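Here the structure comes first, spelled out in structure tokens, and everything after it is commentary.
The values are calculated or read from the model by the stated rules, or taken from the named source; none is laboratory data. Remember, predicted model here, so these are calculated numbers, not experimental data. Positions of Cβ are backbone-derived with ideal geometry, glycine not excepted, and every protein chain shown enters the neighbour counts. When the accessible area is computed, the model is the full protein with side chains, heavy atoms only, and any ligands, DNA or RNA have been set aside. Shrake-Rupley method; radii C 1.70, N 1.55, O 1.52, S 1.80 Å.
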Amino acid sequence: IGTAAGRHIAGPTRSGTQLYVTALAPSGAGKDRPAEAIAQILTAAQMRHHVGPSQFMSMPAVINLMRRSPVTCCAIDEFGSFLKRINNRRASGFEGAISGEMRKLWGGSFKVHMTPEWAGRAAEAIHAPCLSIYGTSTAEEFYGALEGADTTNGVLNRFLIVAARTRPAKREPLSDPFVVPDRIAKPLALIYGRPGELATAQRNQADLAPAVFMVPWGPGAQVAYEDFAASIQQESDDDVEARPFLARTVEMAVRIATIRAIGEDLIDPKVSSDCMSWACGLARLAADTMREG
């Protein structure tokens, strides 16, 4: 939903809908199935061109992708190995720079992202980049790949950690795993093709500033948001060690709440107080899980 809404629907604080999700589970727990489903669902919703690569080999590769497709969702398997490669002291300059580019893109909601300038290529402006990532890993590999600096430089707190500690029981699928139900594909296509906004044919023009629909607050939602922001600020002030893990929890909560609101009402979405409270709880749970890990 965040990808379908990318570059043309914003949250009440003008936040984007891009997320960096990391799914952590033991080996054999089925982490690969949701990653496979991303491409299947987007393809069924006529959004195949917004399915991104499974790996980035260098920082220029990230920039090339954003030039070509400023709205993209990437499913990255063995995400811990990917982080280990770009964090390695022996990584090339272009490999090591991937992390910095990812940090900038996460926060680039409806802003202009300026690319670097190389000897053979001039700098370019990418309007409103919307890169989402769904990475899968075991907890051991993920946390083992992170250097100490990642807890303070803003890499880690941009990820929404979803963790499972057990393997589900094996069972037969309740429906054909190769067929996306219409009840999923059709509403997603409607979000993507929302009338009156930027034409879908122009959605991939990185040099074009998109028209934006802002999802408004519903009754009581802004109060829930402000209360959560105040509590996170107070805790960050009181606990210096917690600060790096909580730094983007409030922004994460707004993005999650906006995505849920869009999914609940395709035509006239509003972030309700229930949406916001639920999103605050989920964002907080992810931050606590990350800190514990």
Based on the Cα atoms of the chain, what semi-axes does the equivalent ellipsoid have, where each is the square root of 5 times one gyration tensor eigenvalue, given in whole Å with the largest first?
-> 26, 24, 23
Between Arg68, Arg183, Arg171, which gets the highest mean-square fluctuation from a Gaussian network model of the chain, Cα cutoff 10 Å?
-> Arg171
Those helices of the chain passing the 27 Å axial Cα length cut-off and the mean Kyte-Doolittle cut-off of 0.0 (DSSP H runs only) are 273-292
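Under unit Cβ charges (Lys, Arg +1; Asp, Glu -1), what dipole magnitude, rounded to 20 debye, does the chain have relative to its Cα centre?
Values: 31 positive and 31 negative charges, 157 e Å.
Using Cβ point charges on Lys, Arg, Asp and Glu, the chain gives about 760 debye.
Determine, for each peptide in 10-21, 108-119, 246-257, 39-50, the mean count of other beta carbons within 10 angstrom over its residues, then list the peptides with the highest first. Working shown, then result.
Values: 10-21: 22.0, 108-119: 14.4, 246-257: 23.8, 39-50: 18.3.
Packing proxy ranking, top to bottom: 246-257, 10-21, 39-50, 108-119.
Kindly give Rg over Rh for region 1-99, based on alpha-carbon atoms, with the Kirkwood expression for the hydrodynamic radius.
On the way: Rg = 14.9 Å, Rh = 15.1 Å.
So for region 1-99, dividing Rg by the Kirkwood Rh gives 0.99.
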Once amide hydrogens are built 1.01 Å from N within the peptide plane, the residues lying 5 or more places from Met214 or on another chain with amide H under 5 Å from its amide H are Ala10
Which one of Ala61, Ala211, Ala169 has the biggest mean-square fluctuation once the chain is modelled by GNM with Cα springs under 10 Å?
-> Ala169
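Write down the Kirkwood hydrodynamic radius of region 49-201, to one decimal in angstroms, obtained as one divided by the mean of 1/r over all alpha carbon pairs.
Working: mean 1/r = 0.0558 Å⁻¹.
Value: 17.9 Å, from the Cα pair sum.
Using a 1.4 Å probe on the protein chains only, how many percent of the accessible area of the chain belongs to carbon and sulfur?
Numbers: 7700 of 14040 Å².
It is 55 percent, rounded to a whole number.
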Provide Rg over Rh for region 151-293; use the alpha carbon set for both Rg and the Kirkwood Rh (inverse mean inverse pair distance).
-> 1.04
Candidates Tyr143, Tyr192, Tyr134; GNM for the chain (alpha-carbon contacts under 10 Å) flags as most fluctuating Tyr143
Among Val112, Phe142, Cys130 the positive-end extreme of the charge dipole of region 103-148 (Cβ point charges) | Val112
